[in-house]
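For reference, the structure is listed below as structure tokens.
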Amino acid sequence: MRRDLNLEPRLMAVAGFVPAGRVVADIGADHAYLGIWLVLRGRVPKVVATEASAGPAQRALKNIRRYGVEDRVEVRVGSGLGVLCPGEAEVLVMAGMGGQTMISILESGGRVLEASKRLVLQPMTGAGKLRKWLVSKGFRFLDEVLVEEKGRFYEVICVEAGTERVDDEILFEIGPVIWRKPDPLLRRFLRQKLSRYRQLLKMTTTMANSENPGAKGAAQAFREKCEVLEAMLSCLPKSEG
């Protein structure tokens, strides 16, 4: 039985939002390292690791056996939350998939989603759209954190049922808690987003000058995003980031 398991930074951030003593469902668990780490350290009594197909599930099971935690980490094969019973897992974790995929899984979650106490989400893309959906469905942000890993920023979002008010549309994209803290990586995160929007602005402006239909409106939208991000950066303390 092995004990020498270390999680990569983004999964450590996910693990940090899992309350002690709760049963966890890791949807799309991949290698199942998160669940293995949680039970090895006695953080949680049980993890249900799910995968949509048999191949990835077998890989997860191989790791579970390697670390000797078959009695505490169970692998199930099936789509989304359909392999769970309502109330079986108090914490639902989804990490390493797109925000739209997460929305699709949660939308079909039914009573399993309703019975859950906490969601811990780490979207690879579409974090803004995911946050907007969560607020519209009656979730509030408990916490959020930025993680930098191999030169890329990851956003980890922790929510529970409740009412949330987001006053500015850009905060869905940045993260209202990340902005309020502010997160130590926030300045660099905003700069990266600003750089990307400046690139898009340049591209759409060129297209608009070529009389490309719709490009003018897109260029204006990107220009406004750039202005908002520049203003946000100017509001941060000089020592920030």
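What follows is calculated from the coordinates using simple rules that are stated; it is not laboratory data. Bear in mind the structure is a predicted one, so any value in this text is a computation, not a measurement. Here Cβ is always computed from backbone atoms with ideal geometry, including for glycine, and neighbour counts include all displayed protein chains.
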Any GluC sites (Glu not before Pro) in segment 188-234 that lie in a DSSP loop and have at most 11 other Cβ atoms within 10 Å would be Glu211
All lysines inside 19 Å of Lys137 as judged from Cα atoms, apart from same-chain residues fewer than 8 positions distant: Lys117, Lys129
According to a simple spin-label model (label point 7 Å from Cα along Cα-to-Cβ), what is the distance in nm between Arg188 and Met12? 1.4 nm
So how much slack lies between Leu5 and Ser53, counting 0.36 nm per residue of separation and subtracting their Cα-Cα distance, in nm? 14.8 nm
Determine which aspartates and glutamates satisfy two conditions relative to Lys132: a Cα distance under 19 Å, and not lying fewer than 8 residues away in the same chain. Glu107, Glu114, Asp143, Glu144, Glu155, Glu160, Glu164, Asp167, Asp168, Glu169, Glu173
I'd like the antiparallel share, as a percent to the nearest 5, of DSSP beta bridges with both residues in the chain. 40 percent
Charge dipole (segment 187-235, unit charges on Cβ, about Cα centre) - positive-most of Met207, Ser195, Ala219: Ser195
Length gained when the stretch Arg223-Ser108 is fully extended (0.36 nm per residue, less Cα-Cα span): 37.8 nm
Please work out the FRET efficiency for the pair Arg41 and Arg76, using the Cβ-Cβ distance as r and a Förster radius of 22 Å; give the result to the nearest 0.05. 0.45
Rounded to 10°, Cα long-axis angle of helix 54-66 versus longest principal axis of the chain: 60 degrees
Past the 21 Å Cα-Cα mark, which pairs from Lys202/Lys238; Lys181/Lys238; Lys193/Lys238; Lys150/Lys225? Lys202/Lys238; Lys150/Lys225
With an 8 Å Cα cut-off and a minimum separation of 6 or more residues, compute the relative contact order for the chain in percent. 14 percent
